[in-house]
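Throughout, read-outs are computed from the coordinates displayed, never taken from laboratory work. What you see is a predicted model; the values in this text were computed from it and never measured. So basically every Cβ, Gly included, is an ideal-geometry build from the backbone, and we count neighbours across all protein chains shown.
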Amino acid sequence: MDWGMENRLSKTIKPDGRAFYLAMDHGYFQGVPAGLENAGAAAKPLLKYVDAVFMPRGSIRATLDPRMETPLILRVSGGNSMVGDDLSHENLSVSMTEIIRLNAAAVGYSVYVGSKYEHQTILGLAKLVDECQIYGIPVMAVTAVGREEESKTARYLGLAARVCAEQGADVVKTYYCDDFDKVVAGCPVPVVIAGGPRTENDLEVLEFVYNGIQAGAIGVNLGRNIWKNDSPEGMARALQAVIHENKTPKEAFEIYESMKNA
Ligand code: R5P
């Protein structure tokens, strides 16, 4: 592996092999979610707990302090919205020049396996990997956006993750599901878990993240279950404890509660 690629990867996958990404790229498939009206303001108190922030370039430039130390994962696909003809009608939307200009430690790109525009999104990933390999920039493939609920099976997520890994993604984001170990076993690159809609109770988040890590995930790319929480800081700190300190969900929940009630 070239020095630049290894250096960037080391910023987003820590020495313990684990990763905690704060996802704030939801506008185009969620509208303006409560808690994310100003992404930079929502991110600011959480930066000390996470290993990277995942955002689109407009939000980065408009709302984040360029002097921040937390690495950026830049969303580089788009061209669609929640009210368009088909959410899967997405493509590469950011140039390599922009990726480098924004000093991205990695990029994130969505692939819609099993959707109308599957073909263009998979080939777009392949092209992105070609370019990013030249410049030593890791690619996180994002699977199953818009299909969080109906597609949470190891069969579907395992296929989606495998397709992305085969096209050269360095990390794959998917959702937690039953038999998650099968998703990880079939994916030859590191897997991170997203959260989907906010869970009914807060312990549940810590449990699926813990279970996902036990099943082989290296960490999370998590959004709504952090910034929609009543205590985003408490949840971020508790997740950090599960991901990097091997705390059990119960132990991490105590951390969450103590911060929420402080
Ligand atoms: C989906 O495209 C996005 O990439 C989100 O970053 C990802 O789903 C994580 O967010 P959440 O935990 O809210 O699902």
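For every other residue with a beta carbon closer than 11 angstrom to the beta carbon of residue 9, add +1 if it is Lys or Arg and -1 if Asp or Glu, then tell me the sum.
Values: positive: 8, 11, 14; negative: 2, 6, 170.
After counting each charged neighbour, the total is 0.
Length gain on complete extension for the stretch residue 3 to residue 211, per 0.36 nm per residue less the alpha carbon to alpha carbon distance? Present the calculation step by step, with values, prior to reporting the outcome.
Details: separation 208, 0.36 × 208 = 74.88 nm, distance 3.31 nm.
Using 0.36 nm per residue and subtracting the Cα-Cα distance, I get 71.6 nm.
Defining a contact as two alpha carbons under 8 Å apart and six or more residues distant in sequence, what relative contact order in percent does the stretch 15-134 show? Present the calculation step by step, with values, prior to reporting the outcome.
Details: 164 pairs, mean separation 24.7, N = 120.
About 21 percent, as a whole number.
Output the antiparallel fraction of DSSP beta bridges having both residues in the chain, as a percent to the nearest 5.
5 percent
What does the charge count near residue 120 come to, summing +1 for each Lys or Arg and -1 for each Asp or Glu among other residues with Cβ under 14 Å from its Cβ? Could the numbers behind the result be given before it?
Details: positive: 116, 127; negative: 85, 86, 90, 118.
My count for the surroundings of residue 120 gives -2.
Taking amide H positions as placed in the peptide plane 1.01 Å from N, state which residues far from residue 52 in sequence (5 or more) or on other chains have amide H under 5 Å from it.
Placed amide hydrogens put 20, 22 under 5 Å from residue 52.
Which of the lysines could a cross-linker bridge to residue 228, judged by Cα under 19 Å and excluding same-chain residues fewer than eight apart?
Excluding near neighbours in sequence, the set is 44, 48, 260.
Restrict the search to the stretch 223-262; then list the chymotrypsin sites (Phe, Trp or Tyr not before Pro) that DSSP places in a loop and that have at most 16 other Cβ atoms within 10 Å of their Cβ.
Working: sites: 227, 253, 256; in loops: none.
Passing both the DSSP loop test and the Cβ count: no residue.
Name the shape class, rounded, prolate or oblate, that the alpha-carbon gyration tensor gives for the stretch 3-260, where a ≥ b ≥ c are the square roots of its eigenvalues, rounded holds for a/c under 1.5, and otherwise prolate holds if a/b is larger than b/c and oblate otherwise. Could the numbers behind the result be given before it?
Details: a/c = 1.35, a/b = 1.20, b/c = 1.12.
In terms of gyration-tensor shape, rounded.
State which stretch of the chain is the longest one without any exposed trypsin sites (Lys or Arg not before Pro), exposure meaning a DSSP loop state and at most 14 other Cβ atoms within 10 Å.
Numbers: sites that count: 48, 67, 116.
Within the chain, the longest run free of exposed trypsin sites (Lys or Arg not before Pro) spans 117-262.
Quick one: net charge of residue 102's neighbours, Cβ under 12 Å, K/R +1, D/E -1? Don't skip to the answer; put the middle values down first.
Numbers: positive: 57, 61, 75, 101; negative: 98.
Value of the local net charge: +3.
Modelling each spin label as a point 7 Å along the Cα-to-Cβ direction, I'd like the residue 96/residue 81 distance in nm, to one decimal.
3.1 nm
Restricting attention to the stretch 29-76, which chymotrypsin sites (Phe, Trp or Tyr not before Pro) occupy a DSSP loop and are surrounded by at most 10 other Cβ atoms within 10 Å? Display every interim value, and only then the final one.
Values: sites: 29, 49, 54; in loops: 49.
Here no chymotrypsin sites (Phe, Trp or Tyr not before Pro) fit, given the DSSP loop and packing criteria.
Say each of residue 116 and residue 69 gets a label point 7 Å from the Cα, pointing the same way as Cα to Cβ; how far apart are those two points in nm?
Label-label distance for residue 116 and residue 69, simple model: 4.7 nm.
Please give the calculated 222 nm ellipticity per residue for the chain, where each DSSP H segment of at least 4 residues contributes -39500 (n - 2.57) and the sum is spread over every residue; nearest 500 deg cm²/dmol?
-12000 deg cm²/dmol
Test of the criteria: in the stretch 60-167, which GluC sites (Glu not before Pro) are in a DSSP loop and have at most 11 other Cβ atoms within 10 angstrom of their Cβ?
69, 149, 150
Counting only residues 5 or more places away or on other chains, whose amide H sits under 5 Å from the amide H of residue 173 once H atoms are built in the peptide plane?
Sorted by chain and number, the residues that satisfy this are 141, 142, 143, 192.
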